[in-house]
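If you scroll down you'll find the structure; I have some questions about it.
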Amino acid sequence: MVELNINGRSHKLDVEPETPLLWVLRDVVGLTGTKYGCGVAQCGSCSVHINGEVMRSCVLPASFAAGKRVVTIEGLSRDGSHPVQKAWAQHDVPQCGYCQSGQIMAAAALLRKKPKPTDADIEEAMTNICRCGTYQRIRAAIHTAAGSRKDGGSVIHIVDAAVPSSAVAAADHRDNAGA
């Protein structure tokens, strides 16, 4: 038996204490927004907040979260109104969308610690993997959520080869025209 506080609600759960928190969230509690990606805490798809810190739930035993506040993507906001979620939509960040709940949780934790992050802060904090390569949009969305509207750049210095540079320049011009 493990008692967890998940998204502000207390849950007494009949699970083995060593069961990974990810599986407790998804299979027992029914919160499927937190995703399984790698199972070894490398990709970040399973990111949740525990006492305000972003952590990878696939490798944490449920017992680790006992007595702590666990927040999943479902608990970040009930209606998608969190500034990070709004910025994600504004910048059309998701492509396939699989990693996005973990990315959003990591970005929200970053902004709680550093309300006006630099590009270097974002690069250091955003270690989640996006197989679709939406890193430039992720960075832009984080700056928008922070209120800095500093668009562009890449979290891991990868240029999106699928987008011609003229299209990027046109998009930058459109984005900066209203700033």
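No value in this document is a laboratory result; all are computed from the given coordinates. From a predicted model like this one, the values you see are computed outputs, not experimental measurements. Note: ideal-geometry Cβ built from the backbone for every residue, glycine included; neighbour counts use all protein chains shown.
Provide SER101, SER81, SER57 in ascending order of the number of other Cβ atoms located within 10 Å of each residue's Cβ, fewest first. Please list the in-between numbers first.
Values: SER101 24, SER81 9, SER57 28.
Fewest-to-most ranking of SER101, SER81, SER57: SER81, SER101, SER57.
Restricting to Cα pairs below 8 Å that are 6+ residues apart, what does the relative contact order work out to for segment 2-75? Please round to a whole percent. Intermediate results must be reported in sequence, preceding the final value.
On the way: 146 pairs, mean separation 30.4, N = 74.
That works out to 41 percent.
At a Cα cut-off below 16 Å, give the lysines reachable from LYS68, other chains included and same-chain residues fewer than 8 away excluded.
Partners within reach: LYS12.
Let me ask you something else. Can you give me the Cα centroid spacing of segment 67-104 and segment 1-62 in angstrom?
So the two Cα centres are separated by 16 Å.
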